[in-house]
Amino acid sequence: MRVRPALVVLPATTDEVSRCVKLAREFGMPIVPRGSGTGLSGGALPIEGCVVIGLSRMRKILDVDFENQRMRLQPGVINLDVSRRLAPYGYYYAPDPSSQSVCSIGGNVAENSGGAHCLKYGFTANHVVGLTIVLADGEVVEIGGAWPDPLGYNLTSAVVGSEGMLGIVTEVVVRFLRRPQATRTVFATFPSTDQAGEAVSRIIAAGIVPAAIEMMDKLAIEAIVAATGVDWPLDVGAALLIDVDGIAAEVDRCAEAAIEIVRSCGALDVRDPRDENERALMWKGRKGAFAAMGRISPNYYVQDGVIPRSEIAVVLREIAELSRESGFRIANVFHAGDGNLHPLVLYDERIPGEAKEAERVAAEILRICIRHGGSITGEHGVGADKAAYMGEMFNDGDLDTMNLVRCAFDPGRIFNPTKVFPTPRLCGDRPGTYVPHAVETAGLAARG
Amino acid sequence: MIIRSEVGRLYRPASVGEAATTLADLAAKKQTVSVIGGETALDLGNPPARIDAIVSTSALDRVVEYAPADQIVTVEAGITLEQLQARLRPNRQRLAVDPPLAHRATIGGIVATDAYGPRRSRYGTIRDLVVGMTIVRPDGTLARGGGKVVKNVAGFDVPKLMVGSLGTLAMIATVTLRLHPLPERERVLALRDCSASQIRRLANEIVAAQLEPSLVLAVGEGERYTVCVGFEGFAAGVDAQIVSLQAVAEGLGVQTEELAAAERSAFDEAHERTRTEGALRIKISALPGRFPEIDARVIGPLLALLEAGRCVAYPTVGVAFIAGKAFDPRIIPALFEARRVVESGGGTLVITAAPDEIRERIDVWGTPPPAFRLMRALKERFDPEHRFNPGRFVGGL
């Protein structure tokens, strides 16, 4: 996992980025763009002989248009600084990854970052409307636009989430939101994850669209309590942290309904903090969950997989089974509302072979997600870490189609060339013989 | 209409697999292809340079998989929006888009044209709701992108790229969509006799009061507008917002009245007519803050040159639609001037329907965007032989 890049450059302007790209191309060096380096899939890891273009010096907020709720940012701006800039005026930027105090907007664009609140508000892709990018030949182009329905193909959608493989983003135009009238938080503990999972399903079935529903299992709660000092009960099987926001009268209605539902699902302890500090403390506990693992284990492997929400209880039981079989403790703290799991496989790297074995167990969790109709990544990206599993989720035709997009932008494959795709794919070669697609073999479709 | 079903040989594949076989055969014969759905957007774009084959999705109208607990549905492209909503209603769910002609518009067509209605201001467009897709590429390759979970960043987002690509990159075969709960209550207030600048102030006040309307629809009446502001959700929240909006309107010196169901459908009809009828139809997109300027410098001058001219706008989104019959030759220079005004401040003016004599004199799309070379590169990669709707889209894509 450690590679020393041939060169690291820290340009300060779009023009400097363009000149770096032209030079790298001239010398035939691959380029790895990098923001804050907080990614969890290794998308920004250097590769052999590459130029790392770090965007951290480009951290200006260029323009804020309150009337139209748009702002133009450089890619190195820190996610939380966007909302901080807007807060005095009663606005905020919705995507809120747990790393938001350090991660950059450019990195968020590369990974299509989410966060706890994307259940209601969507991901980076739903909030970015335009980009300035430097292409593989150094040309600078603007794509999308601040106004609705820019003409032609939606290139912004292609670039958001493309993990630095289509170009280097040097300016980002985002849409920001008015702060809601009210927010209420409900915290509830349960004897088991089964009951917590049932509560999640019933809240959604009641027509409530919560801003967030986070679940933590017993092990995660223990770690969070040890690390952050929140006063959560320890002798429970699971906890839910639920945010509802919006129109004040509706928020009250939904919070009361959620409280009733969690009680009917066997909740042990239900809290409804009205004090802003207490609410903030609970969220601090949740957002600090990964780091808290250090209190209960020397090392941990963060997994990121997605399953249909209705399968949460079943999948958590399968993960518990995997934990028993493998002997590794696995903590679960995740975005239950959208089925985005973050199992944390706890291990000790001082024990020979254990790191490798933990990685194998984490990979097994991805296979469970795929089996249940889910995805190998909900928000951390494929990067270097999961390229090997892309072939288990997508077939050759699917990957070949994604590669068409890449080849349209970067035919020479100079941007982040070893990431995302499981095997090297060239541009220009045509697909070969016909292979039945998974939807055909599954009987969903047949050739007439 | 730029595509008439009688011009090419018609194919109606009855399964996704059959669609792939059909397209592979057409590829082997080097035939050009236009894929059609509910035929509600056949005025949009340039006439394709050649149409050998028409592939209709009308026999691809099944719900493939519906998981109410996950609020996810997978459908074949040819199902109409109305059919889909009927399937979802017993579970008190819906697809939160409201483009015109729901009884004819197919999901595939809505995706291909990124069609939307006034609820865009609250729910976005179908691009925000698509989570997965199966496409058939021009060479007959079936490919899947995305998945059937709402949160998924595995690989490039090919499905979102297909949204709005107007059948020029691939055929959309199945679509997986995120659903929303049906609201418990819906109420609509009408604000009569508003000027464009009052509408702008209204939009700002709605934001200031932290209201979350489900739709803001301005229906032109002469030089003034009636603005319908709708709220939907749980009863308590809807009722509270109606009271707040009445206070906002009073502050602006505008009369409000609540619309009963019959009055609402009268506005819905006026809206649908403007969006779908009239020999000349125009869509203007610009930042919402420009509405008073667009009204004075673009909408007014164009309406003055149209017979039975009508206008509707979604002022919180930043789009306006004009429809009517052109009778005055000065419409051509007026369209050029209108487009210049819109584009120079950031925006687009697209002629969504026009008689041939207008199409011959002004490009329906407008100035190709600065990143046009990337669009051409995408077209080259997906459809290197230019067989899918050749020339129909922006800049002849």
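Just so you know, all these numbers are worked out from the coordinates, no wet-lab data involved. In this text the structure is predicted, and so the values were computed from the model without any measurement. Every residue, glycine among them, receives a Cβ derived from its backbone with ideal geometry; neighbour counts consider all protein chains shown.
Among the trypsin sites (Lys or Arg not before Pro) in the range B:1-103, those located in a DSSP loop and surrounded by at most 11 other Cβ atoms within 10 Å of their own Cβ are B:LYS29, B:LYS30.
For the range A:39-48, 3J(HN,Hα) computed residue by residue from phi via the Karplus equation (6.51, -1.76, 1.60; θ = phi - 60°) reads x, 10, 10, x, x, 9, 5, x, 10, 3 Hz, glycine and proline entered as x. Across every direction, the projection of the convex hull enclosing the Cα atoms of the protein assembly as shown has a mean area of 33.0 nm². Here is the list for the range A:1-66: GluC sites (Glu not before Pro) lying in DSSP coil, each with at most 13 other C-beta atoms within 10 angstrom of its C-beta, are A:GLU48. Over the range A:262-416, the fraction of Cα-Cα pairs per 10 Å bin, rounded to whole percents and listed from the shortest bin up, is 9, 30, 32, 20, 8, 1. Compared with the dominant principal axis of the Cα atoms in chain A, helix A:14-26 is inclined by about 60°. Kirkwood's formula applied to the C-alpha pairs of the range A:90-185 gives a hydrodynamic radius of 14.1 angstrom.
Relative contact order of the range B:6-114: 27 percent, from C-alpha pairs under 8 Å at least 6 residues apart in sequence.
Each part gets one Cα centre, and for the range B:70-119 versus the range A:336-380 those centres are 36 Å apart.
Taken along its three principal axes, the alpha carbon spread of the range B:76-186 comes to 47, 29, 25 Å, from the longest extent down to the shortest. Projecting the Cα atoms of A:VAL82, B:LEU84, A:VAL306 onto the charge dipole of the protein assembly as shown (Cβ charges, centred on the Cα centre) puts A:VAL82 farthest toward the positive pole. When chain A is treated as a Gaussian network with alpha carbon springs shorter than 10 Å, the biggest mean-square fluctuation among A:GLU349, A:GLU142, A:GLU111 belongs to A:GLU349. The charge dipole of the range A:262-338, taken about its Cα centre with unit charges on the Cβ of Lys, Arg, Asp and Glu (plus for the first two, minus for the last two), comes to roughly 220 debye. Screening chain B for DSSP H helices whose Cα atoms reach 20 Å or more along their own axis and whose mean Kyte hydropathy is at least 0.5 gives B:235-252. When only Cα pairs below 8 angstrom with a gap of at least 6 residues are kept, chain A shows a relative contact order of 16 percent.
Among the trypsin sites (Lys or Arg not before Pro) found in the range B:225-325, not one is both in a DSSP coil and sparsely packed, with 11 or fewer other Cβ atoms within 10 Å of its Cβ. Which FRET efficiency, nearest 0.05, do A:ARG263 and B:MET1 yield, Cβ-Cβ r, R0 56 Å? Computed FRET efficiency for A:ARG263 and B:MET1: 0.45. Using the Cβ-Cβ distance between A:ALA280 and A:VAL302 with R0 set to 25 Å, the FRET efficiency from 1/(1 + (r/R0)^6) comes to roughly 0.55. Dividing the mean sequence gap of close Cα pairs (under 8 Å, 6+ apart) by how many residues the range B:247-397 holds gives a relative contact order of 23 percent.
Cys residues of chain A that find no other Cys beta carbon under 4.7 Å: A:CYS20, A:CYS50, A:CYS103, A:CYS118, A:CYS254, A:CYS265, A:CYS369.
With a simple spin-label model that places each label point 7 Å from the Cα along the Cα-to-Cβ direction, the separation between A:ILE351 and B:ALA296 comes to 7.5 nm. If R0 equals 45 Å, the separation of the Cβ atoms of B:ALA308 and B:LEU182 corresponds to a calculated FRET efficiency of about 0.80.
Ranking B:ALA334, B:GLY318, B:PHE382 by how far each Cα lies toward the positive end of the dipole of the range B:275-397 (charges on Cβ) leaves B:PHE382 at the top. Result for chain A in a Gaussian network model with C-alpha springs under 10 Å: among A:ALA110, A:ALA212, A:ALA355, the largest mean-square fluctuation is at A:ALA355. Of A:TYR89, A:TYR300, the sequence from fewest to most neighbouring Cβ atoms within 10 angstrom is A:TYR89, A:TYR300.
State the Cα centre-to-centre distance between the range A:175-249 and the range B:298-356 in whole Å. Each part's Cα centre sits 50 Å from the other's. Remark: spin-label model distance B:ALA49-B:ALA69 equals 5.3 nm, labels positioned 7 Å along the Cα→Cβ axis. If both residues of a DSSP beta bridge must be in chain B, then about 90% of such bridges are antiparallel. For the range B:308-349, the Kirkwood estimate of the hydrodynamic radius, built from every pair of different alpha carbons, is 11.6 Å. Taking each of B:LYS30/B:LYS283; A:LYS120/B:LYS148; B:LYS283/B:LYS325; B:LYS160/B:LYS283; A:LYS60/A:LYS287; A:LYS60/A:LYS386 in turn, the alpha-carbon distance tops 24 angstrom for B:LYS30/B:LYS283; A:LYS60/A:LYS287; A:LYS60/A:LYS386.
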